[in-house]
Amino acid sequence: MGLQKLWLKINGADRMVVCDTEESLARVLRRQGLTGVKVGCDAGQCGTCSVILNGELARSCVKQMKTIADRSKITTIEGIGTPNNLDPLQQAWITYGGIQCGFCTPGFIVSAKALLDKNPNPTRQEVRAWFTKNRNICRCTGYKPLVDATMAAAKVMRGEATMDDITYKVPADGKIYGTRFPRRESGIARVTGLANYGDDMSLQMPEDTLHLALVIPDVAHAKIKSVDYSEALKMTGVAGVVTAKDVKGTNRIAFPIGHPRAECTGLERPIICDEKIFKIGDVVAVVAADTRDHARAAAKAVKVDYEQLPQYLNQLEAIMPDSVQIHEGANNIYLKWPLKKGADTKEIVEKAENVVEGSFYTQREPHLALEPDCAQAYIGDDGMLTIQYKSQFLYGNINMIAAGIGVPAENIRIIQNETGGSFGYSVSPVTPAYAAVCALALGRPVSIVLTYPEHQIVTGKRSASNSNVRLACDKDGKIKALEYKLCYETGAYVEYTQILLLKSLVCMGFPYYIPNIRGVSMAAFSNFSYCTTYRAFSFVQAFTASESIIDMMAEKLGIDPFDFRYKNIARPGETSSTGHEYNEYYYHEMMDMLRPKYEEAKKRAKAESTLAKKRGVGISIGAYILGDPTDHASVALELCKDGSFVNHNTWQDVGQHAEGSCLMLTYEALRPLNVPLEKIRLEANDTKYSPDTGLSGGSRMHYYAGAATIDAANKLMDLMRKKDGTYRTYDEMVAEGLPTMVEGYASSPQGVTKFLDANTGQGFAYHEKLYSIYMAEVEIDSVTGKTKVLKATCVADIGKIGNLQGVEGQAYGGMSHCVGFALKEDFSDPKKHSTLRGAGILECEEMPDEIELIWHDSVRKWGPFGSGGCSENFQSSFHVAIINAINNAVGVRIYELPATPEKVKAAMEAKATGKELKPEKYYLGLDLYDELEYLDAHPVPDEENF
Ligand code: FES
Ligand code: FES
């Protein structure tokens with residue numbers, strides 16, 4: 001420990017640095033301004049900090065400076081290319097969809113450069129092995145585009161192709177809608193390492209900025225007796241400690257639940273815990289100091305005295321009859337929503353020729369964004385409380401925290417930082433709420449960056465679920481009835497619970513014609529992470545139960561699961577689980593497209609199976625719905641003096657290629673004016689200036705923002721149009737007193753959709769549907785039980801494709817999350833799962849390189865230029881295809897995810913002795929029939945129903 005001086009040749013220039021011997025190379029490089037060196041895990045697990053050190057690839061976060069020799073040569077992303085002189089790798093990353101959130105991008109490009117320096121002509125498999133060996137992790141892209149980009153760049157470097165060959169060109173007819181239109185400004189910033197993410201912003205904050213550290217007791221449920229921070233206050237650099245008593249508002253993050261059957265309000269969540277700790281990762285104080293290290297050291301010195309309460313680390317424990325209430329006055333199962341379609345099912349099931357039953361568990365799923373959560377807060381020069389955060393829902397976040405922090409919503413401004421991955425979690429403004437209350441309490445700018453383990457326990461997760469399901473079928477293989485109880489564990493707090501359950505009602509039994517259904521969807525508290533949104537919110541859990549039981553019935557009947565699905569998928573005029581007629585509905589055509597590939601895959605599996613490696617094929621139906629009855633979006637379009645146009649919006653870019661989609665929608669909407677692409681730009685994601693375009697989530701943004709953009713363009717062109725059909729210039733508009741900026745608006749058509757009935761679950765609650773079918777080809781190691789996904793195939797219908805690169809990116813990325821979810825990812829042990837590797841993040845070679853996407857073409861009548869949404873559809877059920885494929889390969893069904901090698905091996909061993917490892921029916925409160933009887937006896941009166 002001590003200071004050292006070194007000369008380092010960084011990106012070709014000799015630079016003298018002075019540093020602590022214990023510091024990491026990543027930190028020292030970032031202090032030199034080389035913030036293309038990103039720090040994600042800070043533990044050598046993700047590769048975002050990769051540099052080339054003396055000719056070898058190195059993860060700089062785990063290289064202590066005392067191990068770095070004087071005169072070492074270091075190459076960072078900044079030494080590989082610049083915005084005006086891109087390296088082929090950088091250009092290829094832009095063109096081939098290698099960038100989504102971009103947080104991994106500099107590390108990957110540096111890694112690819114190190115590979116190509118050694119091996120200029122690698123095979124795809126060598127590239128995959130290199131990224132895996134060097135722990136380059138990407139959470140967004142599904143890896144395939146990164147291998148594509150490396151191969152394309154290598155060709156240029158070998159002189160077999162030119163930079164022009166790997167650069168996107170606008171087609172001759174000027175039509176870019178439907179093409180692989182790549183990122184533009186945001187792409188260049190990301191591939192050169194110049195995009196400033198939250199921690200990079202932290203380095204730019206003024207000198208008087210305070211750095212924050214959280215005090216998180218190691219307990220999941222407790223009464224707080226005292227918080228003693230007297231020792232912390234004496235420690236070096238500490239400026240203050242903020243506790244609940246310093247919060248000026250209600251100290252609650254508000255998410256009103258809005259369901260007449262709910263037993264809680266949605267106002268249970270404290271910002272800083274005052275009386276009770278409700279879950280792991282709850283915060284009782286925040287320490288502010290001159291440096292992050294000082295704040296973290298002092299946080300450890302805060303003493304919390306508490307009385308431990310029974311802690312329920314899963315919902316099955318929390319809902320036992322003798323469990324204490326986590327929130328006083330609310331049962332731990334706090335919301336039940338019945339689904340009743342057709343006749344009572346009891347007798348139908350009893351008399352049915354064929355009945356199958358199963359109980360299924362899906363684990364709490366961590367989003368595993370590579371960038372840990374971070375935020376800044378300060379009072380701006382306009383007097384507004386300004387928060388910078390990687391938010392997916394800027395205006396929604398303001399509404400959730402305004403009363404809690406004690407600042408009127410109109411005095412809060414949120415600006416989106418570049419976002420190093422989210423997948424849903426950053427709709428929750430938890431970290432920004434800590435920053436806000438500290439900035440207000442201490443009167444100083446603040447910055448907070450969580451460690452990765454903190455990130456894991458503080459942020460929300462996809463809820464775990466338990467379900468008991470029964471399916472009845474006649475002797476001809478036609479489904480007659482479905483019964484289920486499905487309980488979502490939402491952790492200690494309420495967030496989007498109503499939507500969570502609503503979507504489950506739509507999804508259970510989708511897209512089959514099931515004349516009679518009795519079910520109850522429920523939400524329960526536990527003392528674990530709160531449930532937040534995640535791609536394919538709710539459908540993932542419901543499809544696990546629904547698409548597994550379908551496969552089980554096919555097996556019982558001895559019918560091919562493909563044929564069983566084909567037979568039972570609803571035909572036009574038949575009704576869905578929630579009772580509305582299916583229409584514009586393409587599953588049979590999509591299955592016809594998949595069938596020949598399915599037959600080939602089965603033959604391949606049979607031919608290539610060996611005793612040691614068993615192969616199998618599985619399919620599953622996927623889908624998503626978008627647009628609830630209240631959904632709406634605004635964008636503003638501005639004509640500028642130089643004839644260019646600006647689209648103002650809050651289309652939060654969390655990696656889904658918002659820039660490309662927004663630019664191409666604006667370009668297309670303004671086609672009558674022939675505006676060149678370079679004359680369109682975006683100014684987005686600052687609530688002081690940008691209108692509310694809503695949530696970047698639920699596959700809604702392209703759909704609603706697109707419609708609002710068209711509306712704005714039409715309004716603006718109407719104003720610009722002269723009597724002779726030509727258009728006014730900016731100067732002419734101003735001279736005539738006409739506005740040069742107009743707002744466009746889109747909303748769900750009123751009267752078409754309505755929330756589902758609170759007593760029956762019947763109704764039509766969404767605006768648009770997205771469809772998919774998945775096929776997984778897997779190989780199981782007979783000795784270890786390890787599953788490898790060899791190939792993924794998806795047939796999808798999402799309407800007209802807007803940005804092909806963006807859509808493919810969501811498909812590859814969504815399906816890669818499914819592979820991880822099916823086989824290894826989990827967040828049930830806060831210690832073991834506190835790191836990316838510990839939580840099981842998927843690596844390059846674990847994702848198949850063969851991913852086939854097949855598009856069924858259709859037009860969404862209301863969607864912009866015929867488009868629907870896309871994202872969630874691709875993560876909805878590929879995981880069940882994998883589970884079904886495991887069953888096909890080795891004859892064992894995994895009921896409780898993830899299907900780890902240990903579970904698959906144990907199931908195979910049990911099968912060898914004639915047994916089946918199957919969970920007992922879960923205790924989920926009352927028996928289904930009793931539950932329904934109780935709910936019938938306590939109906940929601942008409943005036944309170946939706
Ligand atoms: Fe260095 Fe993850 S490997 S930040
Ligand atoms: Fe790779 Fe986001 S683009 S982690």
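Dividing the convex hull volume of the Cα atoms of the stretch 294-388 by its residue count, what figure in Å³ per residue is obtained? It comes to 310 Å³ per residue, whole-number rounded. Which FRET efficiency, nearest 0.05, do Asp117 and Asp724 yield, Cβ-Cβ r, R0 51 Å? With R0 = 51 Å, the Cβ-Cβ based efficiency is 0.25. Each 20 Å bin from 0 upward holds the following percent of the Cα-Cα pairs of the chain: 14, 46, 34, 5, 0. If R0 equals 25 Å, the separation of the Cβ atoms of Lys133 and Asp781 corresponds to a calculated FRET efficiency of about 0.75.
Annotation: average projected area of the stretch 1-65 is 4.2 square nanometres, based on the convex hull of Cα atoms across all directions. With a/c under 1.5 counting as rounded, go ahead and sort the stretch 448-575 into rounded, prolate or oblate using the C-alpha gyration tensor (a ≥ b ≥ c being the square roots of the eigenvalues; past the cut-off, prolate if a/b is larger than b/c, else oblate). Prolate, since a/c reaches 1.5 and a/b exceeds b/c. Expressed in units of 2.2 N^0.38 Å, where N is the residue count, the Cα radius of gyration of the stretch 781-899 is 1.22. Between Lys603 and Asp164, the modelled labels are 4.4 nm apart [label points 7 Å from Cα along Cα→Cβ]. For the listed peptides 362-371, 714-723, a ranking on the average number of other beta carbons within 10 Å per residue, highest first, reads 362-371, 714-723. When the Debye formula is applied to the Cα atoms of the stretch 345-441, each taken as the same point scatterer, what base-10 log of I(q)/I(0) results at q = 0.14, 0.15, 0.18 Å⁻¹? Taking Cα atoms of the stretch 345-441 as identical point scatterers yields -0.56, -0.61, -0.81.
For Leu790, the residues whose amide H sits under 5 Å from its own are Glu777, Val778, Glu779, ignoring neighbours fewer than 5 places away on the same chain, with H placed 1.01 Å from N. At full extension, Gln64 and Glu22 could sit 14.6 nm farther apart than now, given 0.36 nm per residue minus the alpha carbon distance. A straight chain from Tyr689 to Asp290 at 0.36 nm per residue would run longer than the Cα-Cα distance by 140.5 nm.
Sequence-ordered 3J(HN,Hα) estimates for the stretch 97-106 from the Karplus curve with 6.51, -1.76 and 1.60 and θ = phi - 60° stand at x, x, 10, 10, 5, x, 5, 7, 4, x Hz, glycine and proline given as x. For the stretch 301-324, the residues whose amide N sits under 16 Å from a probe point set 7 Å from the Cα of Lys223 along the beta carbon direction are 305-311, 324. Give the range of the longest stretch in the chain that excludes all GluC sites (Glu not before Pro) found in loop regions by DSSP and having at most 12 other beta-carbon atoms within 10 Å. Answer from the scan: 354-735.
Note on Lys831 and Val940: the model spin-label points, each 7 Å out from Cα along the C-beta direction, lie 4.3 nm apart.
With every protein chain in place and a 1.4 angstrom probe, the accessible-area ranking of Leu34, Leu682, Leu3, largest first, reads Leu3, Leu682, Leu34.
Computed about its Cα centre, the charge dipole of the chain is approximately 2180 debye, with only Lys, Arg, Asp and Glu carrying charge at their Cβ. Less than 12 Å from a label point 7 Å out along the Cα-to-Cβ axis of Glu307: which backbone N atoms in the stretch 193-230 qualify, by residue? Output list for this probe position: 222-226. So what's the Cα pair-distance distribution over the stretch 507-587, bin width 10 Å, in %? Cα pair-distance distribution for the stretch 507-587, in percent: 15, 41, 31, 12, 2. Entry for the stretch 389-449 at q = 0.18, 0.27, 0.28 Å⁻¹: log10 I(q)/I(0) = -0.61, -1.27, -1.34, Debye formula applied to identical alpha-carbon scatterers, no solvent contribution. The calculated 222 nm mean residue ellipticity attributable to helices in the chain amounts to -9000 deg cm²/dmol, summing -39500 (n - 2.57) over DSSP H runs of n ≥ 4 and dividing by all residues.
Based on Cα contacts under 8 Å between residues 6+ apart, the stretch 602-697 shows a relative contact order of 31 percent. Can you check what the net charge comes to around Asp857, using other residues whose Cβ is under 9 Å from the Cβ of Asp857 (Lys, Arg +1; Asp, Glu -1)? In short, 0.
Given 20 °C and 1.002 mPa s, compute D for the stretch 830-890 with the Stokes-Einstein relation, Rh being the Kirkwood radius over Cα pairs; round to the nearest whole µm²/s. Could you put the intermediate results ahead of the total?
Numbers: Rh = 15.5 Å.
For these conditions, the coefficient is 138 µm²/s.
Here the contact order of the chain, divided by its residue count and restricted to Cα pairs under 8 Å and six or more residues apart, works out to 14 percent. Per residue, the convex hull spanned by the Cα atoms of the stretch 70-152 amounts to 107 cubic angstrom. Glu933 sits among other residues whose Cβ lies under 12 Å from its own Cβ, and their net charge, with Lys and Arg +1 and Asp and Glu -1, is -2. For the stretch 159-280, a Kirkwood hydrodynamic radius built from all Cα pairs, placed in the Stokes-Einstein relation at 25 °C and 0.890 mPa s, yields a translational diffusion coefficient of 118 µm²/s.
Consider all pairwise Cα distances in the stretch 435-505 and report the whole-number % of them above 14 Å.
Considering the stretch 435-505, 75 percent of its Cα-Cα pairs are separated by more than 14 Å.
For the stretch 565-647, calculate the relative contact order in percent as a whole number, restricting contacts to Cα pairs under 8 Å that are 6 or more residues apart. Relative contact order, the stretch 565-647: 13 percent.
Only sites in a loop by DSSP and with at most 16 other Cβ atoms within 10 Å count here; which trypsin sites (Lys or Arg not before Pro) in the stretch 386-490 make the cut?
Taking the stretch 386-490 and a limit of 16 other Cβ atoms within 10 Å, the loop trypsin sites (Lys or Arg not before Pro) found are Lys475, Lys478.
Rg and Dmax of the stretch 72-207, based on Cα coordinates, read 15.4, 53 Å. Summarised in one figure, the compactness ratio Rg/Rh of the stretch 23-139, Cα atoms and Kirkwood Rh, is 0.94. Two numbers describe the Cα atoms of the stretch 651-786: Rg and Dmax, which are 21.8, 80 Å.
Estimated from the Cβ-Cβ distance and a Förster radius of 35 angstrom, the FRET efficiency linking Asn399 and Lys918 is about 0.20. Over the stretch 371-414, the pair-distance histogram of Cα-Cα distances with 10 Å bins from zero comes to 28, 58, 13, 0 percent, rounded to whole numbers. Applying D = kT/(6 pi eta Rh) to the stretch 866-914, where Rh is the Kirkwood radius over alpha-carbon pairs, T corresponds to 25 °C and eta to 0.890 mPa s, the Stokes-Einstein value obtained is 198 µm²/s. Applying a DSSP loop filter and a limit of 13 other Cβ atoms within 10 Å to the trypsin sites (Lys or Arg not before Pro) in the stretch 221-287 leaves Lys234, Lys248. Taking every protein chain into account, the 1.4 Å probe leaves Tyr378 with about 60 Å² of accessible area, to the nearest ten. For the stretch 318-324, backbone phi angles converted through the Karplus equation (6.51, -1.76, 1.60; θ = phi - 60°) give residue-by-residue couplings of 5, 9, 5, x, 8, 6, 7 Hz, Gly and Pro being listed as x.
A simple rule links phi to the HN-Hα coupling: the Karplus curve 6.51 cos²θ - 1.76 cosθ + 1.60 with θ = phi - 60°, which for the stretch 695-706 gives 7, 7, x, x, 6, 9, 5, 4, 5, 7, 5, x Hz, with x for Gly and Pro. Shape analysis of the stretch 130-180 places it in the oblate category; the axes a ≥ b ≥ c from the Cα gyration tensor give an a/c of at least 1.5, with a/b not above b/c. Loop-located trypsin sites (Lys or Arg not before Pro) across the stretch 49-81 with a Cβ neighbour count of 11 or fewer within 10 Å are Arg71, with loop assigned by DSSP.
Which length gain, in nm to one decimal place, applies between Asp592 and Leu673 when the Cα-Cα distance is subtracted from 0.36 nm times their residue separation?
On the way: separation 81, 0.36 × 81 = 29.16 nm, distance 4.21 nm.
So the chain would gain 25.0 nm between Asp592 and Leu673.
The values are calculated or read from the model by the stated rules, or taken from the named source; none is laboratory data. Since we're looking at a predicted model, the values are computed, not measured. As a convention, Cβ positions derive from the backbone with ideal geometry for all residues, glycine included, and neighbour counts pool all protein chains shown. With ligands, DNA and RNA removed, areas are computed over all heavy atoms of the protein, side chains included. Shrake-Rupley method; radii C 1.70, N 1.55, O 1.52, S 1.80 Å.
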